[in-house]
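J.: Structure provided below as structure tokens; questions to follow.
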Amino acid sequence: MDLIVWAHDLADSLLAEPLPRRWVHSCGVQERARSIAPILGDDARLLEAAAVLHDIGYSPRLVDTGFHPLDGARFLRSVEHADERIVRLVAHHSCALLEADERGLRDELAAEFELEEPHLVDALLFCDMTTTPDGAPTNPTDRVAEIVGRYGPDSVVGRFIRRAEPEIQAASDRVQRRLAATVGADQPM
């Protein structure tokens, strides 16, 4: 089965009914990943698959630790036997180590899942942090503010996302520079 079809169908089966808004967000993140494919080369399809799968750990069927990157990655590895690179991207998406630290799970996450290549980690973070919960495009500053507003500034997520904000912005800047360089390279002289 095609990688993208498999990933999309799996995420749909886990999110669409119990968490429709999370499913719409995941589809938006997938679309964003597709839009940055020119900077990803041979990894474009891998990133698109990880993008649609990144939040499957929120599915009530998968919740174990309550930390969605870890729960989703474990499911992908042990049940779906997914490509290890996709598993690592899901495990570490959007500064997951910082949130794991807030939850007392940093050592567990770091020991169990290696980080993926930095340009792909940046790309998935960019896709997630430039997509609203309703799947629409946004910017990292507004996305962080939305997350803090939704969860509260003193929640685990609120504390983590504010700690992660400098890296979210830096990763977004790196992706934007790569996109600009690709667009510039495509222009006729």
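J.: Can you compute the FRET efficiency between residue 117 and residue 17 using 1/(1 + (r/R0)^6), with r the Cβ-Cβ distance and R0 = 45 Å? Round to the nearest 0.05. Provide the component values of the computation, followed by the final result.
T.: Working: r = 34 Å, r/R0 = 0.75.
The calculated FRET efficiency here is 0.85.
J.: Mind checking the dipole of segment 106-187: about its Cα centre, +1 per Lys or Arg Cβ, -1 per Asp or Glu Cβ, Debye to the nearest 20?
T.: Details: 9 positive and 16 negative charges, 73 e Å.
For segment 106-187, the charge dipole is close to 360 debye.
J.: Would you work out which of 145, 169, 59 lies farthest towards the positive end of the dipole of the chain? Charges go on Cβ: Lys and Arg +1, Asp and Glu -1.
T.: So the residue furthest toward the plus end is 145.
J.: Just to verify a number: FRET efficiency for residue 80 and residue 108, C-beta to C-beta distance, R0 = 22 Å, to 0.05? It would help to have the intermediate numbers written out before the result.
T.: On the way: r = 20 Å, r/R0 = 0.92.
E(calc), rounded to 0.05, equals 0.60.
J.: Another one. Could you give P(r) for the chain, binned at 10 Å from zero, as whole percent values over all Cα-Cα pairs?
T.: Final binned percentages: 10, 39, 38, 11, 2, 0.
J.: OK, next. Enter the accessible area per residue of segment 77-173 (Å², integer; probe 1.4 Å; all protein chains in place).
T.: 44 Å²
J.: Based on Cβ point charges of +1 for Lys and Arg and -1 for Asp and Glu, what charge dipole magnitude is obtained for the chain about its Cα centre, in debye rounded to the nearest 20?
T.: Here the chain has a charge dipole of around 400 debye.
J.: Mind checking the full-extension length gain between residue 156 and residue 134? Use 0.36 nm per residue of separation minus the Cα-Cα distance, one decimal, nm.
T.: Value of the extension gain: 5.7 nm.
J.: Carbon and sulfur: what percent of the chain's accessible surface (1.4 Å probe)?
T.: That share works out to 54 percent.
J.: Quote to one decimal, in nm, the extra length available between residue 146 and residue 173 on full extension: 0.36 nm per residue of separation minus the C-alpha distance between them. Could the numbers behind the result be given before it?
T.: Working: separation 27, 0.36 × 27 = 9.72 nm, distance 1.95 nm.
Residue separation times 0.36 nm, minus the Cα-Cα distance, leaves 7.8 nm.
The values are calculated or read from the model by the stated rules, or taken from the named source; none is laboratory data. Quick caveat: nothing in here was measured; it's all calculated off a predicted structure. Neighbour counts run over all protein chains shown; Cβ positions are idealised from the backbone, glycine included. Accessible surface areas use protein heavy atoms only, side chains included; no ligands, DNA or RNA. Shrake-Rupley method; radii C 1.70, N 1.55, O 1.52, S 1.80 Å.
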